[in-house]
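**Student:** Here it is, the structure in full.
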Amino acid sequence: MASTKDYLDYILEQLGGLEDITYRAMMGEYVLYFKGKVFGGIYDNRFLVKPVRSARALMPNAPLELPYEGAKPMLLVENPDDREFLTELISAMFSDLPYPKKK
């Protein structure tokens, strides 16, 4: 099942306190970037983030879920309604994330 543009728009609105959030549509899903670094995505209308140290510390009980078959597990953001928490989470994750490899 592909994610809806409405759900993407909702998550982007929730992340509105952060500058430089971008996305790329990929096969019916959406990859999310913060200042050029991939931090997560929207998969089957679920907001998932990479399981980096800072994300695990802020969401110690978050379930690991597969974004799609064959992918590495990611952490499910169970309360995307909390804008303040999302801003804290994504900001904290930034230093733990690598920049994309140059093509």
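The values are calculated or read from the model by the stated rules, or taken from the named source; none is laboratory data. All figures in this text were calculated on a predicted structure; none of them were measured in a lab. Note: ideal-geometry Cβ built from the backbone for every residue, glycine included; neighbour counts use all protein chains shown.
**Student:** Show the residue pairs that are 6+ apart or on different chains and have beta-carbon atoms under 7 Å apart, the first residue being within segment 77-103 and closer than 23 Å to Asp9 by Cβ, the second being small (Gly, Ala, Ser).
**Tutor:** Here the result reads Glu78/Ala62; Arg83/Gly17; Thr87/Gly17; Leu89/Ala55; Met93/Ser54; Met93/Ala55, each pair linking segment 77-103 to a residue that is small (Gly, Ala, Ser).
**Student:** Okay, moving on. Considering only residues that are in a loop (DSSP other than H, G, I, E, B) and of a type outside the set (D, E, K, R), which ones fall in segment 93-103? Spell out how you get there, then give the answer.
**Tutor:** Just the residues of segment 93-103 that are in a loop (DSSP other than H, G, I, E, B), to begin with: 97-103.
The answer is Leu97, Pro98, Tyr99, Pro100.
**Student:** Also, I was wondering about something else. Give the residues of segment 1-36 that are within 16 Å of Glu88 (Cα to Cα), buried (at least 18 other Cβ atoms within 10 Å of the Cβ) and in contact with a Leu (Cβ under 7 Å, 6 or more places away or on another chain), sorted by residue number.
**Tutor:** Across segment 1-36, the qualifying residues are Gln14, Leu15, Phe34.
**Student:** So, in segment 74-93, how many residues would count as being closer than 12 Å to Gly40 by Cβ and not aliphatic (A, V, I, L, M)? I'd like the intermediate steps shown before the answer.
**Tutor:** At the first step, the residues of segment 74-93 found to be closer than 12 Å to Gly40 by Cβ are 74-77, 80, 86, 89-90, 93.
Cutting the leftovers down to not aliphatic (A, V, I, L, M) gives us 80.
Result for segment 74-93: 1.
**Student:** Does segment 46-69 include one or more residues that are of a type in the set (Val, Ile, Thr) and either within 15 Å of Gly17 (Cβ to Cβ) or crowded, with 19+ Cβ neighbours inside 10 Å (or both)?
**Tutor:** Here is the first cut: in segment 46-69, the residues of a type in the set (Val, Ile, Thr) are 49, 52.
Keeping just the survivors that are either within 15 Å of Gly17 (Cβ to Cβ) or crowded, with 19+ Cβ neighbours inside 10 Å (or both) gives 49.
Within segment 46-69, one or more residues are of a type in the set (Val, Ile, Thr) and either within 15 Å of Gly17 (Cβ to Cβ) or crowded, with 19+ Cβ neighbours inside 10 Å (or both).
**Student:** While we're looking at this one, here's another question. If the Cβ limit is 7 Å and pairs must be 6+ apart or interchain, which residue in segment 16-31 that is closer than 13 Å to Asp44 by Cβ and of a type in the set (A, V, I, L, M, F, W, C) pairs with which residue that is at pLDDT below 95 and loosely packed, with under 13 Cβ neighbours inside 10 Å?
**Tutor:** As it stands, the answer is none, since no pair meets every condition given.
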